[in-house]
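As structure tokens, the structure follows; a few thoughts come after it.
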Amino acid sequence: MSVVDVGHWTYLAWLLGAALPILGAQWIFLADVLKRQPRAIFGGAAIVGTYLSFADGLAIRDRVWEFSPDLTLGVRIGPLPLEEALFFYLTALLVTHAMTLFTEALARRRARV
């Protein structure tokens, strides 16, 4: 049994508990930077999230791995559990946020030199 075991909501609870505090903090403290690059952030996350979801759907279809029906909601997009697709989109969003913030910090540092 895991620390957080809420039945069918377990995967979603872990996912949101891991990603939302970081995304929230980034938007609370650095929204001015993130608002300047919406296409890069959301476009990049959409492309990467879609690609990874598609590839993972193929792996699930071919039984490379599977997800416990006891720990997921049971909502699927083709063979892909909804939570797994959300995982890829949130992860891609975390990466695009980080890259945007990193490049902004680097640009500011270079401007000072």
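For residues that are hydroxyl-bearing (Ser, Thr, Tyr) and in contact (Cβ under 8 Å) with a residue 24 or more places away in the chain, scanning just region 74-113, find the one that is farthest from residue 55 (Cα to Cα).
100
Among the candidates 17, 74, single out the residue that is exposed (fewer than 12 other Cβ atoms within 10 Å of the Cβ), in contact with a His (Cβ under 8 Å, 6 or more places away or on another chain) and of a type in the set (Gly, Ala, Ser).
74
Is there a residue being assigned to a helix (DSSP H, G or I) and among the polar types (S, T, N, Q) anywhere in region 53-71?
Yes.
Might you check whether a residue that is buried (at least 16 other Cβ atoms within 10 Å of the Cβ), in a strand (DSSP E or B), in contact (Cβ under 8 Å) with a residue 12 or more places away in the chain and at negative phi occurs anywhere in region 34-47?
No - not one qualifying residue is present in region 34-47.
Readers should treat all values here as calculations from the given coordinates under stated rules, not as data from a laboratory. Note that the structure is predicted; figures quoted are calculated from it, not measured. Don't worry about glycine lacking a Cβ; one is built from the backbone with ideal geometry, like all the others, and counts go over all protein chains shown.
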